[in-house]
Every structure is written in structure tokens, then in C-alpha cells.
Amino acid sequence: MTTDTVLVINSGSSSLKYELIQAGSGLSVAEGSVERIGEDTSLAGLRVGEQEVRRDGAPIADHEAALRTAFDLFDEAGANLGAMGLVAVGHRAVHGGQTFYEPTLVTDELIAKMDELAPLAPLHNPPAVLGMDVARKLLPDVPHVAVFDTAFFHDLPAPAATYAIDRDVAQQWSIRRYGFHGTSHQYVSEQAAVFVERPLTSLNQIVLHLGNGASASAIVGGRAVDTSMGLTPLEGLVMGTRPGDIDPGITFYLARTAGLTIDEIDELYNRRSGIYGLAGANDFRELLKRIDAGDDAAKLSYDIYVHRLRKYIGAYLALLGTTDVITFTAGVGENNPDVRRDALSGLSALGIELDEHLNDSPARGPRRISAATSPTTVLVIPTNEELAIARACLTVI
Ligand code: ADP
């Protein structure tokens, strides 16, 4: 076993994903997940090489039980974690405010800060804190490192990072645009440069990370100059359960006139909006099935999703002036040719021409989907946040 093996943990509200990675080579030694934590039945699995072990069914009460299950699965697969020469555990961390953004050793202070910032990332910070707490307890002898989603956007130019609100209030409360999914945007933009065989520093890029959460970024020479998420991961594109950009006046109206509490509005925006709020399903595959079955609400929600995406692409094309590469990534971006086509159709006058055949190909892996003659190269690049997190860990320990 090499000495750069990192266990990466991505702890969600009802799931825990984990991957064992050799950071240098990028080899994924093992990966698995525990889903439906806290529900009546659970799904737990681990793949080690070609071997897959599963333990589905029994309820898994909390994140501690989930991580214990994961470790049991490693044992069952004959891959004892303790004997694997782990050098670090890397944790995906979303919001660390102004204090924490670089990859940082997990300490009590860091955990307390992330806890304090939970109102700014209610879907992400609480489970991440749980994951870190439990993992530190179960693997006390290895350094634990938090890798923040905000790091890539920490140096956004001031006009992109600053909200046009009273500057004293903004300063007092550290209100700025932080941006999220940064690990993915950075990784994908670097891979795009490798793919087109040009130096990262020479490229203007747009990255579209379209998963359950979704965000766009504009990147010049490897540095982010704008991104669609803001103080919290609510701003920007339409997402699985989040609305993206809305008029802040809606909040006051719901509070004063509709009588909703702040907590109810928070829940509405974080869990019951976006595709789910519009069409009743947050999974894009389910949405497509409903569209095929003639569901008008599903079709409208798809159209709203694409409309917002096009607005951001247009804004970033204007910001960049010249765009060398546009890259789609994450679940929807990697797998859904319709979204890619509808996001970029009719833009040949702006130098963007898709190759329909390449776009429709079920290929996996990094690939070009623009026409050979298209001035802007359009790519699909699978994101690999786990690998990026594993590599970031090694810069700290
Ligand atoms: P996250 O990491 O934010 O949970 P993912 O990047 O895994 O999100 O993306 C999840 C989304 O990708 C879901 O909406 C899912 O339906 C969609 N997705 C995954 N595979 C496909 C596919 N083959 N076709 C269309 N959408 C897909």
C-alpha cells in the first residue's frame, strides 16, 4: 500500500459517501455509501476493486452507526482500514465563513465554527459536522482535514463578491458572495485545460456544475471571476429543491402577508422549491419520465431550469468577452444531453456550436461535444470532488 491513501467522507443529511483514494495516482481503491440514515430501512454498500459487499435493510439510526457500518463493510470485504496505511481523512466541508476556507486540520474550533454557520448552509453544515465528529472518534490516530467548497471563490473580484447592500451591515455580518462547489469547479476547469492541451492560464472558461445542487462559474486563467451561488448555496441556478435567484421581496411578503415563520420560509427555499417544488420530483431522471408522460408541470419546470441556465451562460459570455471552453459536469451535466443542447442552442453567432451526434453519445469520461469548427470548445468532464479533496489533504498534513 502506498503512503498517500486518503479516506474521503462526504456526509449528507441522510447519506454518507466515502471513498478510499490513492491521491497521487488518483486510483480509487474502494468506494461506498450508506443511504437513508435515520429511516426505517437503509442501503449500505462498498466496492473494493471488482468485489462488492452490501448490507441493505436494517435501520441505521445516525451518522455514527453509518460510519461503523461502513467500517464493518471494509472488514467484510477483507480490506481492513487500519491496515491500509491511511495518511488522512478528508471531509467535504461547505461553509467555513471568512475564517475557514483553505484546507484545514479539523479541530474543535473548526467544528464549532461550522456549527455556528449552520444557518447559512442548513442542508450541508450540520451533517458535515456530524461526520467529522464521528470520524474523529472512530479514527483518532489519523489527521482529519476539512476541504471547503468556498476555497476556489475566496478571491473573487470585489464587484462579483460584493452585494449592493449597506456596506457597514455587510461588513458587520460578513455578508458577501462565498460561492460553493468550488472543489468541483476548480478540478473540472483544470481537467478541461488538460483535455484541450492548453495552459490553464491561457483559458477563459465557463463551468456548469449541474447536480442536485447546481452552480455556474466564470474562470479566467484558472481563477474564478464570478459564480452563481452567494452567501448561501441558495442563489443562482434552479436546483433539485432550491429556487436559485428569487426576488428577496418574496421573503417579506411570505412573512408579513402569508404569515409564514422564518423557519418555514427557510424550509420552503431549501427543501421544497426548485424542480421539486415545481413538479413534485427533485430527481432529474424522474422529471424526464414525467415529461415523457405528458406532465405539464414537469415540462414547465424543465423550461424554467433551462431558461435560468441560459441567462447565466449569457451573463458569463459577456463577462469573459471571449470564452474558450464551456464544460458541463455533475449528475445532470454529465448525463443529460437534452439540458446541454437546450442550454446552448441557437448560439452559433456567439461561437458555440454543438455536435448533436457527440452530444447524444452515451460515452462516459471527459469528451468534446462541440463541432470541430466551433470557436468555443464544449466539453463534458466528470467531476471528481473526492480526488480533489484527497489531493488537497496532502497539502496540509
Ligand atoms: P449531488 O452530488 O448534488 O447529490 P449529483 O451530481 O449526483 O448530485 O447529481 C444528481 C442529479 O443528477 C439527479 O437529479 C439525477 O437525477 C441526475 N442524474 C444522474 N444520472 C442521470 C442520468 N443518467 N440522466 C439524467 N439525470 C441524471
Between Arg54 and Thr373, what is 0.36 nm times their sequence separation minus the Cα-Cα distance? Round to one decimal in nm. 110.1 nm
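First obtain the Kirkwood hydrodynamic radius of segment 99-183 from its Cα pairs, then insert it into the Stokes-Einstein equation at 4 °C and 1.567 mPa s, and state the resulting D in µm² per second as a whole number.
91
Calculate, in nm to one decimal, what Arg68 and Glu109 gain on full extension: separation in residues at 0.36 nm each, minus their alpha carbon distance.
Values: separation 41, 0.36 × 41 = 14.76 nm, distance 2.48 nm.
Length difference between fully extended and current span is 12.3 nm.
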Does segment 1-157 classify as rounded, prolate or oblate by the C-alpha gyration tensor (a ≥ b ≥ c root eigenvalues; a/c under 1.5 gives rounded; else a/b over b/c gives prolate, otherwise oblate)? oblate
Suppose all protein chains stay in the model; what accessible area per residue would a 1.4 Å probe give for the chain, in Å²? 45
Estimated dipole of segment 158-198 in Debye, rounded to 20 [Cβ of Lys and Arg +1, of Asp and Glu -1, Cα centre]: 60
Would you kindly work out the equivalent ellipsoid of the chain from its C-alpha gyration tensor and give its semi-axes, the square roots of five times the eigenvalues, largest first in whole Å? 32, 26, 23
Straight-distance crosslink candidates among lysines, where the alpha carbon sits under 30 Å from Lys137 and sequence neighbours closer than 8 are dropped: Lys17, Lys113
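How much length, in nm to one decimal, is gained on full extension between Leu138 and Thr395, taken as 0.36 nm per residue of separation minus their Cα-Cα distance?
Working: separation 257, 0.36 × 257 = 92.52 nm, distance 2.32 nm.
So the chain would gain 90.2 nm between Leu138 and Thr395.
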Pairwise label distance in nanometres, Ala315 with Thr257, each label 7 Å out on the Cα-Cβ vector: 2.5
Between Ala164, Thr183, Val142, whose Cα lies farthest towards the positive end of the dipole of segment 119-266 when Lys and Arg beta carbons carry +1 and Asp and Glu beta carbons carry -1, centred on the Cα centre? Val142
Rounded Å value of the spacing that divides the Cα centres of segment 243-312 and segment 1-68: 31
Virtual spin-label span in nm between Glu356 and Met84, 7 Å along Cα→Cβ: 4.6
Please report, as a whole percent, how much of the solvent-accessible surface of the chain comes from carbon and sulfur atoms (probe radius 1.4 Å). 52
Using a 7 Å offset from the Cα along the Cα-to-Cβ direction at both Glu31 and Asp303, what is the distance between the two label points in nm, to one decimal? 3.7
So which DSSP H runs in the chain come out at 27 Å plus along the axis (Cα) with average Kyte-Doolittle of at least -1.0? 296-320
Between Trp173 and Asp245, Cβ-based FRET efficiency (R0 25 Å, step 0.05) works out to 0.75
Cα centroid separation - segment 331-392 against segment 140-190, whole Å: 26
Computed magnitude of the charge dipole of the chain (debye, nearest 20; Cβ of K, R +1, Cβ of D, E -1): 700
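Using alpha-carbon pairs under 8 Å, 6+ residues apart, how would you state the relative contact order of segment 200-325 in percent?
Working: 190 pairs, mean separation 32.8, N = 126.
Computed over segment 200-325, the figure is 26 percent.
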Candidate lysines - alpha carbon under 22 Å from Lys311, same-chain residues fewer than 8 apart omitted: Lys299
For segment 221-283, evaluate the Debye formula with one uniform point scatterer on each Cα (no solvent term) and list log10 I(q)/I(0) at q = 0.14, 0.15, 0.26, 0.30 Å⁻¹, rounded to two decimals. -0.45, -0.51, -1.11, -1.24
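The values are calculated or read from the model by the stated rules, or taken from the named source; none is laboratory data. None of the values given here were measured: they were computed from a predicted structure. A quick note on method: Cβ atoms are made from the backbone with ideal geometry, for glycine too, and the neighbour counts reach across all protein chains shown. The accessibility values were calculated without ligands, DNA or RNA, using every heavy atom of the protein model including side chains. Shrake-Rupley method; radii C 1.70, N 1.55, O 1.52, S 1.80 Å.
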